[in-house]
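Input: a single structure, listed below in structure tokens.
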Amino acid sequence: MTVRAVLRLGDFRLREMAQPVKDLGTPQLLELCSDLKDTMEALSGAGLAAPQIGVSSRVVIFGGGGPNPRYPDALPVPLTLLINPELTPIGEGRSLGWEGCLSVPGLRGQVERCNRLRYCGWTPEGEWLERSVEGFHARVVQHECDHLDGVLFPDRLHTPQAFGFIPELEQSGMIPMVPS
Ligand code: NI
């Protein structure tokens with residue numbers, strides 16, 4: 001069980017383009033995946049990308065846990081580790097949603113994302129994975145894959161006014177009250 005420190009906004013390592021993984025199934029890759037899982041779960045994150053723990057590799061993890069209280073109608077997202085992921089939007093539909101990030105603790109911002117997409121990539125064990133998803137699942141994947149290109153959600157704010165600290169946004173009625 002290794003919970004790694006999560007880099008925060010301002011650290012230059014979050015801004016680098018992460019490198020593709022060349023070899024699947026190596027001990028280093030499996031250790032990275034295990035650290036990502038332990039860290040995401042310890043911090044109750046919806047997802048995490050390798051650059052957030054200071055590793056410049058194209059690896060993301062997301063999902064697991066129960067239904068998200070912020071998206072009570074969303075289908076649960078299966079716990080997924082994805083290596084060298086690629087995203088392809090399906091259709092033109094886009095929608096706004098509130099996002100947070102373990103690298104931007106305590107803040108939420110409203111971001112526009114595409115509603116539906118197909119994603120593919122490798123699992124740590126070397127299996128090819130392809131899924132078509134929508135809604136919250138699609139949003140989480142877009143957020144995590146952005147990290148691999150050095151992009152954080154504040155870069156994509158719909159408007160600077162829809163961005164702030166969680167308690168203040170709750171008090172202002174901009175996001176629903178969620179038990180922390
Ligand atoms: Ni994030």
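Let me have the 222 nm mean residue ellipticity of the chain computed from DSSP H runs of 4+ only, each contributing -39500 (n - 2.57), with the sum over all residues rounded to the nearest 500.
Numbers: 3 runs with 36 residues, N = 180.
Helices in the chain give a 222 nm mean residue ellipticity of -6000 deg cm²/dmol.
What's the extension gain from Leu7 to Gln171 if we count 0.36 nm per residue and subtract their Cα-Cα distance? Present the calculation step by step, with values, prior to reporting the outcome.
Details: separation 164, 0.36 × 164 = 59.04 nm, distance 2.82 nm.
This chain segment gains 56.2 nm when fully extended.
Based on the alpha-carbon set only, what is the convex hull volume of region 13-103 divided per residue, in Å³?
Details: hull volume 11.8 nm³, N = 91.
Convex hull of Cα atoms, per residue: 129 Å³.
May I ask for log10 I(q)/I(0) of the chain at q = 0.11, 0.15 Å⁻¹, from a Debye sum over the Cα atoms as equal point scatterers with solvent left out? So the normalised log intensities work out to -0.45, -0.86.
Please list, by residue number, every one of the trypsin sites (Lys or Arg not before Pro) in region 1-88 that is coil in DSSP and has at most 11 other beta-carbon atoms within 10 Å.
On the way: sites: Arg4, Arg8, Arg13, Arg15, Lys22, Lys37, Arg58, Arg70; in loops: Arg4, Arg8, Lys22, Arg58, Arg70.
Sites meeting the loop and neighbour criteria: Lys22.
Counting every C-alpha pair in region 95-180, the share spaced more than 18 angstrom apart comes to 50%. Sparsely packed loop sites in region 101-180 (the GluC sites (Glu not before Pro) outside DSSP H, G, I, E and B with at most 16 other Cβ atoms within 10 Å) comprise Glu125, Glu127.
Modelled spin labels at Arg94 and Glu31, positioned 7 Å past Cα toward Cβ, are 4.2 nm from each other. The ranking of Met174, Met17, Met1 by Cβ neighbour count inside 10 Å, starting from the fewest, reads Met1, Met17, Met174. DSSP bridge analysis restricted to the chain gives an antiparallel fraction near 95%, rounded to the nearest 5. Seen against the Cα atoms of the chain and their longest principal axis, helix 27-42 is set at about 20 degrees. Radius of gyration over Kirkwood radius for region 59-141, both on Cα atoms: the Rg/Rh ratio is 0.96. Considering only Thr39, Thr26, Thr80, the Gaussian network model of the chain with Cα springs below 10 Å gives its largest mean-square fluctuation to Thr26.
Here, each number is a calculation from the coordinates, and none is a lab measurement. Note that the coordinates shown come from a computational prediction; the quantities given were computed from them, not determined experimentally. Cβ atoms come from the backbone with ideal geometry, glycine included; neighbour counts cover every protein chain shown.
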